[in-house]
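*Asks:* Have a look at this one.
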2 protein chains.
Amino acid sequence: MIEQNAHATGDLPVTFLRDIETTIGLSHLKQGDAIANLDYGVTPANFGADAVAFPSSTQEIACIIRSAAAHGVPVVPQGGRTGLVGGGVSSPGQIVVSTTRLNRIVEIYPDERVAVVEAGVTLQALQAAASEYQLEPGIDLPSRGSATIGGMVSTNAGGISAFRYGVMRHRVLGLEAVLPDGSIYSDLTRVVKNVAGYDLKHLFIGAEGTLGIVTRAAIKLEPVPAATATALFGLPSVEAALEATKLGLSVEYGHMRAAEAIWNSFFSLTSGEHLWSATDYYPDYPVNLIMALGGGDEEQLQTQLGRIYEELYETYPEMSAVVATSQTQEAELWRLREDTDLIYRRYPAAPSFDVSVPLSRIEAYVTRCIPELQSIDPTFDPYLFGHIADGNLHIVLNAAGADLTPEKAAAVEAVLYRDLTQSGGSFSAEHGIGSKRVHALRATADPVKFALMTRIKAAIDAGHTLNPGKVTG
Amino acid sequence: MIEQNAHATGDLPVTFLRDIETTIGLSHLKQGDAIANLDYGVTPANFGADAVAFPSSTQEIACIIRSAAAHGVPVVPQGGRTGLVGGGVSSPGQIVVSTTRLNRIVEIYPDERVAVVEAGVTLQALQAAASEYQLEPGIDLPSRGSATIGGMVSTNAGGISAFRYGVMRHRVLGLEAVLPDGSIYSDLTRVVKNVAGYDLKHLFIGAEGTLGIVTRAAIKLEPVPAATATALFGLPSVEAALEATKLGLSVEYGHMRAAEAIWNSFFSLTSGEHLWSATDYYPDYPVNLIMALGGGDEEQLQTQLGRIYEELYETYPEMSAVVATSQTQEAELWRLREDTDLIYRRYPAAPSFDVSVPLSRIEAYVTRCIPELQSIDPTFDPYLFGHIADGNLHIVLNAAGADLTPEKAAAVEAVLYRDLTQSGGSFSAEHGIGSKRVHALRATADPVKFALMTRIKAAIDAGHTLNPGKVTG
C-alpha cells in the first residue's frame, strides 16, 4: 500500500484522483457510495478499491496508467467481472479500471472473417454483430452476456468450441494493449500468418491484466452453419463418451460443434430440478453426452447422429439416445449442462475446480479422484461435467464454501491436482489463476517456468502497477 | 567476439571445446574440414562457425549451453537448415548446435490425437508416424523432408493448412526448451486448455532460437480424411479466387484442405517447364487456383468441386477448371505451385518476399505493387503465388540476387512493405526475420513492440548467448 496522503479520499492521493477526473470526466469516476450501486459481478471483493474509473478510449486508459504509475497507485483492470478465481478483486489503495465504455465494434470485415472490437464489447454483442454476416467468433461460453472480449483475451477463455476452433488465444489475430508505463502496444494485424518478430501479444493473452490492459483485439470469425442437430447420449462409461466424441469428430457430413459430458450426479440435479425426462432414456447413466453437429442440412445432420448412435450401440447396447427435434428441445438439453447455478443455490460458494486431463487419462483420473475425495469426507459426491473433447473437466464439491475447513480444502486440492502437470494436464484449464490459485500455481508449476514468469513480470511491470497479487502473486 | 585463447582451435577456447567433447563425445563435435563435408542446407553461411555440435539429448544441450555461457561463446541453433532469411547463419567464434540427433518420436497418443517428439524429427517423419493412426500434424510445407519440428516451432512455420488448422503456434500444445543459462523449461502439456500462469511457450515459438533452444514439443494431430479431390480453376481476378475460396470454406460435404493461388507469370514458368496443359484450360489466366477438398468419399468431394465451379461460372463465365482424376494428376497440379526451384535455377538467389495481406486488400496490394516495381526496373515481372485463404503471398523477383544493387533492393522493399503493418498485414508472413530482415523489422515495427522485444531478449538472454544478430539484431 502507498503512503497515506493528508488530502486522500479513501486511500488514494487527491492529486491522482484530480488527474483521473480531468482525463475521463467527473461522472465516469465512481467513489464511495457510488460504487456500492454498481453491479460487482461474481464477488463483492471486485469492488474493494476506493475508486472505479470508466474510461472510454485507449488513450484515456493510457493516461490513467501513467498517472497511476507516477503516484504508485495499483490498477485492477476489469471486464465483465465474471471471473471465478478472483482475477478482478481489488483492495483499498487501488483503483479499478473498467473497460465497460470501450464497447465499440470497430469494424467487421466479412470477406476476411475478422472483427476488430474494443475490449469492453461482450461476447454476446460480438456474436450478434457477426451473425449479420452469418459469422460467429468460434468461441462460446455460458457467461456470454457479461463476459467481455478484453476479459476473455486476458484470461484466454475456453468454452465449448475449443476442441475445434481453439481457445481465445487461437482466435486473436491482433491486439492493442496499454503497458504498465502507459505506452500503447499496437499490433492490430488481421492475418493468421505473422512472424515479424516475437509475437508478444501472447504475453498479454492469458496474463489476466498483470502485464498490460488489453484495449482492442482483432478476432477471427467462422462461418455459422445453416443448420444444427443435437443429441443426448446416455452412456455406460468415459470410454464410451470418448468413442462417441471420436465418431463425432469424423462425421462425413457437417462437423461436430460440441461434445459436453455430464456425469451422473450433476445430471440428476439438473434433470431433477428441470423435470426433464425422455421416453426410453434411463436417468442414471454414469455419463451423459450432449453432442451437437453443424452443417448445411438438418436432416442430414440427424442422419449422422443416427449413424453415431448405431455404431456406438454395437459396442454399448445398454446406451440410449435422444435427438432434439426443435430449438426448444435443444435448449432443454443444453440447460441440463449449463445450469450450474443450481449447485450454488444448494451449496453457496461451493468449491469448484477446473482441470485439463489428457483424453487417455480421464477415466483413470475420475476413478482415482472420487474415492480419494470420499476418504476426505464420505459425504463428498462432486458434480462433474465438462468439455470432453478437449479433456476439460469441471468439478464442483457438494459442500458450501463456508463449511470447508482450510485443511479439508487443501486435502481436496491435493487429490485433484496430484500429478496433473506431470501427466500432461493442467490444474487450471480455463478459469485462470487470479488471486485464488496463486498458491496452487506455485505448488505445481515447473520451477524454471515459474521463475521465468516472475522475471517477465519484473521486466514489464517493475513497479507492480498492474493487478498486483494476481497470477505470480 | 570473445578474447582469443592461446590454445584456441579457430576462435573457440580449448577448455570450452574439451567440455563439449566430454559432453557429447569427440565424434559428435565437428570442426574444420569435417564441417566442410556436412550439408549446409540453404546457404554455406550456415556453417561459418568454428564448430558444429551434434548432441543427442536435452541434457547434453543444456550442458553445452551452460559451458557456452560460461565461456562467452555464442550458440547458433540449427534444425533442418531450410530457413530462407539467415536465421541459422553462423560466424567464427560461434558454435552451431544441431538438433539432428534429437530425432526420436517420443510417443504418439492416438486417442488424444497428440504426438510428443524431439526437436530434430523432420516433418515428414512425423507425418509418416502419425499416418499409421490415420492422423496428420495439420501443417504441411514443401521442405517437409528436411524441416524439423524444432525448427518449425522456432520459426512458427505456416504452410498450406494454416487457414484451417492455424500456424505452428496453434499446433503446439506443450514445449520443452533449454534457456540461455542452461536451465530446462519443461511444459509438455498435451491439452489445448491450460491457463496455469503465463503461457511462456509462446515466447519460444517463433523466436528463432534467440530465447531458448526448443528440444521437445507436444503437437496436436488431426484425422486424415479417407479421400481427397483436387481441382485447378483458371480465374479472371483475385476477387474470383477469393470468391472460390469462400465457397470452398463452406462446402457442405467434407472440408477445404488447400487453396493455393498461382499468378500468371509463375504459372507460365511452371506449366511451360513441365509441359503441363489441359483441354479447354486457357494458359493465360490472371490467377490460377489449386483447391483441394478432403472427406470420406472422393466422388462426393468431386461433386462439391463441381458445384463450386458451377456457382463461380455464373459470375465468371470466362473461367475454366480441371479436376484431377488420379494421384498422378493431383501431383502434377501441385508441381505447378510447388516447383519454385525453377525460379532460382533461372535467377540464382532471386530476391524473395513473403507478405501477409488482409484478404480484402490483396487485389489492391497487387494492383499497386506491380507497376511500382516496374517503375523501379521496367523488366521486373515478379513471380507471385501463395496461400490465398490466409492472405500469404510469396513474391520472387525475376532477377538474380547478384544483379540487384542495394539501392534497387531497398526501393523494392519500400514498395512491397509500405503500409503493410498499418493496414493489418505483415511484411514477414512465415519466413521469419533471421539476419536478413532485421533492418526491415526495425523499419516497420511498432516502436513500442520493438522496444518490448529487446527488453524481453535482455531479460531472458542478457549475455546474448543464443543466436546473436537474429530477430532483434
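We did not get these values from a lab; they are worked out from the coordinates using the rules stated. Worth saying up front: this structure is predicted, and the values here are computed from it rather than measured. Glycine also receives a Cβ, built like all others from the backbone with ideal geometry; neighbour counts cover every protein chain displayed.
*Asks:* How far apart, in nm, are two points set 7 Å out from the Cα along the Cα-to-Cβ line at B:H464 and at B:E132?
*Replies:* It is 4.6 nm.
*Asks:* Counting only other residues whose beta carbon sits under 13 Å from that of B:P142, what net charge do I get with K and R as +1, D and E as -1?
*Replies:* Numbers: positive: B:R144, B:R335, B:R337; negative: B:D140, B:E260, B:E338, B:D339, B:D341, B:E430.
Local net charge: -3.
*Asks:* Hey, another quick one. Below 8 Å between Cα atoms, with a sequence gap of 6+, how large is the relative contact order for region A:117-184 in percent? All intermediate terms of the calculation are to be shown ahead of the outcome.
*Replies:* Values: 78 pairs, mean separation 20.1, N = 68.
Relative contact order comes out at 30 percent.
*Asks:* Follow-up. Which order do the peptides A:136-144, A:228-236 come out in when sorted by mean C-beta neighbours inside 10 angstrom, highest first?
*Replies:* Working: A:136-144: 20.6, A:228-236: 23.4.
Answer by packing, highest mean first, reads A:228-236, A:136-144.
*Asks:* Could I ask something else about it? Given charges of +1 on the Cβ of Lys and Arg and -1 on the Cβ of Asp and Glu, with all other atoms neutral, how large is the dipole of region A:301-425 about its Cα centre, in debye to the nearest 20?
*Replies:* Working: 9 positive and 19 negative charges, 35 e Å.
I would put it at about 160 debye.
*Asks:* Now, a different point. Write down the radius of gyration of chain A and its Dmax, each obtained from C-alpha positions, in Å.
*Replies:* Every Cα atom of chain A included, Rg and Dmax give 23.2, 78 Å.
*Asks:* Once phi is turned into ³J(HN,Hα) by the Karplus curve 6.51 cos²θ - 1.76 cosθ + 1.60 with θ = phi - 60°, what whole-Hz value does each residue of region B:335-342 show in order, with x for glycine and proline?
*Replies:* 5, 5, 9, 9, 7, 6, 4, 3
*Asks:* Could you work out [θ]222 nm for the protein assembly as shown from helices alone, using -39500 (n - 2.57) per DSSP H run of at least four and dividing by all its residues? Round to the nearest 500 deg cm²/dmol. Show your work: numbers first, answer last.
*Replies:* Details: 34 runs with 324 residues, N = 946.
Result for the protein assembly as shown: -10000 deg cm²/dmol, rounded to the nearest 500.
*Asks:* Moving on to the next point. Quote the FRET efficiency, to the nearest 0.05, computed for A:T328 versus B:D377 with a Förster distance R0 of 60 Å and r equal to the Cβ-Cβ distance.
*Replies:* On the way: r = 67 Å, r/R0 = 1.12.
Computed FRET efficiency for A:T328 and B:D377 comes out at 0.35.
*Asks:* Starting from one equal scatterer on each C-alpha and no solvent at all, send me the Debye-based log10 I(q)/I(0) for region A:1-123 at q = 0.17, 0.19, 0.21 Å⁻¹, two decimals.
*Replies:* Evaluating at q = 0.17, 0.19, 0.21 Å⁻¹ gives log10 I(q)/I(0) of -0.84, -1.02, -1.20.
*Asks:* Also, I was wondering about something else. Using the Cα centre as the reference, give the magnitude of the dipole from point charges on the C-beta atoms of the protein assembly as shown (Lys, Arg: +1; Asp, Glu: -1; all else neutral), rounded to the nearest 20 debye.
*Replies:* On the way: 68 positive and 106 negative charges, 573 e Å.
About 2760 debye.
*Asks:* May I pose another question? I'd like the Karplus ³J(HN,Hα) series for region B:14-20: coefficients 6.51, -1.76, 1.60, θ = phi - 60°, whole numbers in Hz, and an x wherever there's a Gly or Pro.
*Replies:* Going residue by residue, I get 4, 4, 5, 4, 4, 3, 5 Hz, with x marking Gly and Pro.
*Asks:* Quick check for me: using +1 on Lys/Arg Cβ and -1 on Asp/Glu Cβ, what's the dipole size of chain A about its Cα centre, in debye to the nearest 20? Working shown, then result.
*Replies:* Values: 34 positive and 53 negative charges, 311 e Å.
Around 1500 debye, computed over chain A.
*Asks:* How far apart, in nm, are two points set 7 Å out from the Cα along the Cα-to-Cβ line at B:D339 and at B:R455?
*Replies:* 5.2
*Asks:* Please compute the alpha carbon radius of gyration of region A:359-445, then divide it by the globular-protein estimate 2.2 N^0.38 Å. Two decimals is fine.
*Replies:* Details: Rg = 12.8 Å, N = 87, 2.2 N^0.38 = 12.0 Å.
That ratio works out to 1.06.
*Asks:* Another question about this same structure. I'd like the Karplus ³J(HN,Hα) series for region B:254-259: coefficients 6.51, -1.76, 1.60, θ = phi - 60°, whole numbers in Hz, and an x wherever there's a Gly or Pro.
*Replies:* x, 8, 7, 9, 7, 9
*Asks:* Let me ask something else. Which whole number gives the average, over all residues in A:200-207, of C-beta atoms from other chains lying within 10 Å of the residue C-beta?
*Replies:* On the way: counts 9, 2, 9, 7, 1, 4, 7, 4.
Per residue, the number of nearby Cβ atoms from other chains is 5 on average.
*Asks:* Right, another one. Considering the options A:A399, A:S426, A:A409, tell which one lies farthest towards the positive end of the dipole of region A:397-449, charges being +1 on Lys and Arg and -1 on Asp and Glu at the Cβ, about the Cα centre.
*Replies:* The Cα lying farthest towards the positive end belongs to A:S426.
*Asks:* Subtract the Cα-Cα distance of B:R104 and B:A410 from 0.36 nm times their separation in residues, and report this length gain in nm to one decimal.
*Replies:* Numbers: separation 306, 0.36 × 306 = 110.16 nm, distance 4.32 nm.
Using 0.36 nm per residue and subtracting the Cα-Cα distance, I get 105.8 nm.
*Asks:* Modelled label-to-label distance, A:S57 and A:A400, 7 Å Cα→beta-carbon offset: nm?
*Replies:* Taking the simple label geometry, A:S57 and A:A400 are separated by 5.0 nm.
*Asks:* Ok, one more. Name the residue from A:A389, A:H202, A:A258 whose Cα lies farthest towards the positive end of the charge dipole of chain A, charges +1 on Cβ of Lys and Arg and -1 on Cβ of Asp and Glu.
*Replies:* Working it through, the farthest residue towards the positive pole turns out to be A:H202.
*Asks:* How big is the gap, in Å, between the Cα center of region A:142-194 and the Cα center of region B:454-468?
*Replies:* Cα centroid of region A:142-194 versus Cα centroid of region B:454-468: 27 Å apart.
*Asks:* Which distances, shortest first and in nm, link A:N264 to the matching position in the other copies, using label points set 7 Å out along Cα to C-beta?
*Replies:* For A:N264, the inter-copy label distances come out at 7.1 nm.
*Asks:* Please list the non-local residues whose amide H lies under 5 Å from the amide H of A:I219, H modeled 1.01 Å from N, same-chain partners needing a gap of 5 or more.
*Replies:* A:A115, A:V116, A:V117, A:L173
*Asks:* A follow-up question, please. Give the separation of the Cα centroids, region A:12-78 to region B:202-226, in Å.
*Replies:* Their Cα centres are 41 Å away from one another.
*Asks:* Amide H of B:T340 versus every other amide H placed in the peptide plane: which residues, excluding those fewer than 5 positions away on the same chain, fall under 5 Å?
*Replies:* none
*Asks:* Which whole number gives the average, over all residues in A:449-455, of C-beta atoms from other chains lying within 10 Å of the residue C-beta?
*Replies:* Working: counts 10, 4, 3, 11, 4, 1, 4.
Taking all residues of A:449-455 together, the mean is 5.
*Asks:* Tell me the relative contact order for chain B as a rounded percent, counting alpha carbon contacts under 8 Å between residues six or more apart. Don't jump to the answer; show the numbers that get you there.
*Replies:* On the way: 951 pairs, mean separation 70.7, N = 473.
Relative contact order of chain B: 15 percent.
*Asks:* Report the net charge of residues surrounding B:E222, where surrounding means a beta-carbon distance below 13 angstrom and charges are Lys +1, Arg +1, Asp -1, Glu -1. Before the final figure, lay out each step's value.
*Replies:* Values: positive: A:R164, A:K246, B:R113, B:R164, B:R171, B:K220, B:R257; negative: B:E112, B:E136, B:D140.
For residues surrounding B:E222, the net value is +4.
*Asks:* I need B:I262, A:I35 ordered by Cβ neighbour count within 10 Å, fewest first. Working shown, then result.
*Replies:* Values: B:I262 27, A:I35 16.
Fewest to most other Cβ atoms nearby, the residues stand as A:I35, B:I262.
*Asks:* Compute and list, largest first, the equivalent-ellipsoid semi-axes of the protein assembly as shown from the alpha carbon gyration tensor, each √(5λ) rounded to a whole angstrom. Walk me through the numbers before you get to the answer.
*Replies:* On the way: eigenvalues 362, 263, 173 Å².
Over the Cα atoms of the protein assembly as shown, the semi-axes work out to 43, 36, 29 Å.
*Asks:* Another one. Placing the label point 7 Å from Cα along the Cα-to-Cβ direction, what are the distances from A:P110 to the equivalent spots in the other copies, shortest first, in nm to one decimal?
*Replies:* Shortest to longest, the spacings are 4.5 nm.
*Asks:* In addition: Could you tell me how far the Cα centroid of region A:325-391 sits from the Cα centroid of region A:244-262, in Å?
*Replies:* Rounded to whole Å, the Cα centres lie 20 Å apart.
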